[in-house]
Structures are given as C-alpha cells and as structure tokens.
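Below: the structure, in structure tokens.
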Amino acid sequence: MDTIKIVRIAKDLPLPKKQTVGSAGFDLHANVDEPIVIMPGETKLTGTGIKIELPLNYELQVRPRSGLALKNQITVLNSPGTVDCGYTGEIGVILINHGSKGLIVNRGDRIAQAVICKLPDINIVEVEELSETERGDGAYGSTGV
C-alpha cells in the first residue's frame, strides 16, 4: 500500500476522510477565516487547510460533491482539478455558483472531494498514422443519442 503524507495547516479542521466504506472520494473542508458568500455566476478559490505529498506517478483529483451540485448548483470550475505529485502547497478548490441564490461557505464545510489516482508510466511515440478502429475519426455525437 502506498502512503500519502498530509500536513494539516488548519489544525481545527478534520483530515480528509471517506464518509462510507467503499467511497471513492475523501471529503475536503473549507479553510476560511470568515464565512464567504459565492453569489450566482461567481467563482471563489477556497483553501482546504491541508498540504499533501503524493508518491511519484500519482495525482489527486478535486471533484464536486454531488449534494452541493444538486441542491445548490455549486461545482468545481476546473473539474476535475488536478494536483500533481510535485505540488506540496495548500490544496485549493475553485468553486463556481451556477445557481440563482448565493451560497454561504463556513469554516469546515465539506466543499469538494479528492480522488487519488495512480497514473500509468506512458511513452509517447510519434507515428505517421494510427490503427483503424470501428469509430475512426467520428467526433461529437457520431455514435448517436
């Protein structure tokens, strides 16, 4: 089992954890000094109070929480946000409000989830042409509705 080191810079906030057995994502909490309001159409960067050290060839994906998306139309703007293994600063979450009402984010609110993925070691090779496939170069909507 690989180890991921975490530094909790906001000591009063919980460490990321999965809410149920078998969950893919670890909840991330808002590291804000005062409540913030994200108005409709507005984007805010919110810290999480943690720094991580990922092993080589791993990434952390910052993804929306489905409840915030469904109930408040709040999502992660660059979803999924990627944290590379070389980054060791505070994990941030770029939230955007697609709803019609402002959302108040309080210290410790669960604002996103982190999914940790192992990346394959890939060798990119330039070629003159690609193998034929059933779909070929059929683009958006080419397989029907």
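Laboratory data are not the source of any read-out in this text; all were calculated from the coordinates shown. Owing to the predicted nature of the structure, the values given are computational and were not obtained by experimental measurement. Note that each Cβ is placed from the backbone with ideal geometry, even for glycine, and that neighbours are counted across all protein chains shown.
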*In whole Hz, what ³J(HN,Hα) sequence does the stretch 107-115 give by Karplus (6.51, -1.76, 1.60; θ = phi - 60°), x for Gly and Pro?*
4, x, 4, 7, 10, 6, 10, 10, 10
*In terms of modelled amide H atoms, which long-range or inter-chain residues lie less than 5 Å from the amide H of Asp109?*
Ala30
*Tell me, in nm to one decimal, what length is gained between Asn57 and Ile6 on full extension, where the rule is 0.36 nm per residue of separation less the Cα-Cα distance?*
16.6 nm
*Could you run the Karplus curve 6.51 cos²θ - 1.76 cosθ + 1.60 with θ = phi - 60° over the stretch 94-100 and give me ³J(HN,Hα) per residue in whole Hz, x for Gly and Pro?*
8, 9, 10, 9, 9, x, 10
*Entry for Kirkwood radius over Cα pairs in Å (calculated from the structure that is shown) out of (1) 15.2; (2) 17.3; (3) 14.7*: (2)
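So, by mean Cβ neighbours within 10 angstrom, what's the order for 28-38, 106-116 with the highest one leading? Don't skip to the answer; put the middle values down first.
Values: 28-38: 17.3, 106-116: 19.4.
In descending order of packing, they fall as 106-116, 28-38.
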*Using the Karplus curve 6.51 cos²θ - 1.76 cosθ + 1.60 with θ = phi - 60°, work out ³J(HN,Hα) for each residue of the stretch 33-47 in order, rounded to whole Hz, and write x for Gly and Pro.*
6, 10, x, 10, 10, 9, 7, x, x, 8, 10, 9, 8, 10, x
*Neighbouring Cβ atoms within 10 Å as the yardstick, rank Tyr140, Tyr58 fewest first.*
Tyr140, Tyr58
